[in-house]
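Step one of this worksheet: look at the structure below.
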Ligand SMILES: Cc1cc2nc3c(=O)[nH]c(=O)nc-3n(C[C@H](O)[C@H](O)[C@H](O)COP(=O)(O)O)c2cc1C
């Protein structure tokens, strides 16, 4: 069986964070870049989806948002509206995040740190505007102890709408 069939046959979920509003490269958007990729993955793999929502929404304005993000990361203070579902029935966990100051938004840390990832397979995908994966793989390995973290996918935020082929090829790996 190819990896493609392997991954498609396994029960999977896409856990992601994404923010609409004023974006780094593309102005105001109705749907965040990472959400576009999360939807491609769900459509291609039949995965369930779970969006991590901040209890305190970030400002719509980009410059204010980046300050809020840095403060939340430095204080490790970012409550979320809803905890992750029980992952026991999922074998493959897709984790999607934008790069915020080279790491994940603190809300992703809040969401992931409560969960037992032992024996899970994590497939990481990241949208960014130049940093690639940044330090997110190391961050994930630290938080999601016991999981096997496979090679991550990086997509430029400004190019998500033309990146479906890249997602298709990565899913087959
Ligand atoms: C608070 C904040 C911090 C960011 N920091 C980085 C960064 O360190 N490196 C980078 O390449 N892009 C950075 N970006 C750009 C985002 O990673 C990029 O626009 C991403 O696609 C946003 O995803 P989203 O629309 O799903 O939220 C930052 C954006 C924001 C809002």
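General observations
- For the chain, a Gaussian network of Cα nodes joined below 10 Å ranks 157, 96, 146 by mean-square fluctuation, and the top entry is 146.
- Ordered by the number of other Cβ atoms lying within 10 Å of each residue's own Cβ, fewest first, 28, 40, 90 fall into the sequence 28, 90, 40.
- Extending 7 Å from the Cα toward the beta-carbon at both residue 70 and residue 89 defines two label points whose distance is 4.4 nm.
- Largest GNM mean-square fluctuation across 33, 89, 23, computed for the chain with C-alpha springs under 10 Å, falls on 89.
- Normalising the average separation of contacting C-alpha pairs (under 8 angstrom, six or more residues apart) by the number of residues puts the relative contact order of the chain at 25 percent.
- Fully extending the segment from residue 61 to residue 26 would add 11.3 nm, taking 0.36 nm per residue of separation and subtracting the current Cα-Cα distance.
- Here the residues 60, 164, ranked from fewest to most Cβ neighbours within 10 Å of their Cβ, fall in the order 60, 164.
- Segment 3-172: C-alpha gyration tensor shape, a/c 1.5 cut-off, then a/b vs b/c: oblate
- Per-residue [θ]222 nm for the chain (sum of -39500 (n - 2.57) over DSSP H runs n ≥ 4, rounded to 500): -9500 deg cm²/dmol
- Considering only segment 1-156, percent of DSSP beta bridges that pair antiparallel, nearest 5: 20
- Between 0 and 90°, nearest 10: helix 33-45 axis offset from the chain longest Cα axis: 10
- Exposure proxy shown here: for 80, 155, 136, the number of other Cβ atoms within 10 Å sets the order, fewest to most, as 80, 155, 136.
None of the figures in this text is laboratory data; all of them are computed from the coordinates on show. All values derive from a computational prediction rather than experimental measurement. Methodologically, a virtual Cβ is constructed for each residue, glycine included, from the backbone with ideal geometry; neighbour enumeration extends over all protein chains shown.
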